[in-house]
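> Take a look at the following structure, please.
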Amino acid sequence: MCNMTFEETSGDNSSERMESVAKALEEILSSALPQGCITVGVYEAAKALNVDPDNVVLCLLAADGEEDVALQIHFTLIQAFCCENDINILRVSNMRRLAEILGGVKPGAEAMDLHCILVTNPQSALWKDPALSKVNRFCTDCRCLDQWVPVVNLPDR
């Protein structure tokens, strides 16, 4: 069921909503990280999706215009798998900000593969996060407008 009004799909209200969703996404990542509920990297994400797809609550894919054909194939396969398993997907631009949220690159450590990130449920209980509800509602509304993988820009701080 689509519940977006015309005002929400165009104009200033849309940009305000996009900012709200970006802020909610930052909250989700910031709270999931210390709980160990983040999987970073295309290959790691593919393995996690294969092992326990029911535990994944959100899939983030880079929207940085990468021209790597192999990476695009992985994106297509991950998107198809997520759609088939009712996992919400977002394309995220501003990879620098994403790296900041996830703790950045530690000196002497290998750079993180931020092309694909999964957010999973904590093992202890179902996660009832209002920020996650907001992002999930946004994804559902976008699908109603035939935008299956919406793009969210994380603003610089």
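The values are calculated or read from the model by the stated rules, or taken from the named source; none is laboratory data. Worth saying up front: this structure is predicted, and the values here are computed from it rather than measured. Here Cβ is always computed from backbone atoms with ideal geometry, including for glycine, and neighbour counts include all displayed protein chains. For accessibility, only protein heavy atoms count, side chains too; no ligands or nucleic acids. Shrake-Rupley method; radii C 1.70, N 1.55, O 1.52, S 1.80 Å.
Residues checked against (1) in contact with a Ser or Thr (Cβ under 7 Å, 6 or more places away or on another chain); (2) under 22 Å from L154 (Cα atoms):
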site: R17; (1), (2): no, yes
site: A22; (1), (2): no, yes
site: E26; (1), (2): no, yes
site: C37; (1), (2): yes, yes
site: G41; (1), (2): no, yes
site: N50; (1), (2): no, no
site: N55; (1), (2): yes, no
site: L77; (1), (2): no, no
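> Here is a follow-up. Regarding S15, is this residue open to solvent by less than 70 Å² (accessible area, probe 1.4 Å) and modelled with pLDDT under 85?
Numbers: open to solvent by less than 70 Å² (accessible area, probe 1.4 Å): yes; modelled with pLDDT under 85: yes.
So S15 passes the test.
> Moving on. Determine, yes or no, whether E100 is of a type outside the set (S, T, N, Q), closer than 18 Å to N121 by Cα and open to solvent by 20 Å² or more (accessible area, probe 1.4 Å). Before you say what the answer is, go through the steps one by one.
Working: of a type outside the set (S, T, N, Q): yes; closer than 18 Å to N121 by Cα: no; open to solvent by 20 Å² or more (accessible area, probe 1.4 Å): yes.
Answer is no for this residue.
> Sticking with this structure for a sec: Here are A46, A70: which of them is modelled with pLDDT under 95 and either in contact with a Pro (Cβ under 6 Å, 6 or more places away or on another chain) or crowded, with 17+ Cβ neighbours inside 10 Å (or both)?
Working: A70 fails: either in contact with a Pro (Cβ under 6 Å, 6 or more places away or on another chain) or crowded, with 17+ Cβ neighbours inside 10 Å (or both).
A46 is the lone residue from the list that is modelled with pLDDT under 95 and either in contact with a Pro (Cβ under 6 Å, 6 or more places away or on another chain) or crowded, with 17+ Cβ neighbours inside 10 Å (or both).
> Applying the selection to the range 52-67, what residues are open to solvent by 50 Å² or more (accessible area, probe 1.4 Å) and touching a helix residue (DSSP H, G or I) at 6+ places or on another chain (Cβ under 6 Å)?
D64
> Continuing with the same structure: Going through the range 145-157 one residue at a time, which ones are in contact (Cβ under 8 Å) with a residue 12 or more places away in the chain, closer than 17 Å to C82 by Cα and surrounded by fewer than 16 Cβ atoms within 10 Å (Cβ to Cβ)?
Of the residues in the range 145-157, the ones in contact (Cβ under 8 Å) with a residue 12 or more places away in the chain are 145, 148-157.
Checking the rest, the ones that are also closer than 17 Å to C82 by Cα come to 148-151.
Passing the criteria: W148, V151.
> Next up: Going through P122, P130 one at a time, which residue ends up being open to solvent by less than 30 Å² (accessible area, probe 1.4 Å), under 15 Å from S30 (Cα atoms) and modelled with pLDDT under 90? It would help to see each step written out before you state the result.
Details: P130 fails: open to solvent by less than 30 Å² (accessible area, probe 1.4 Å).
One residue alone meets the criteria, P122.
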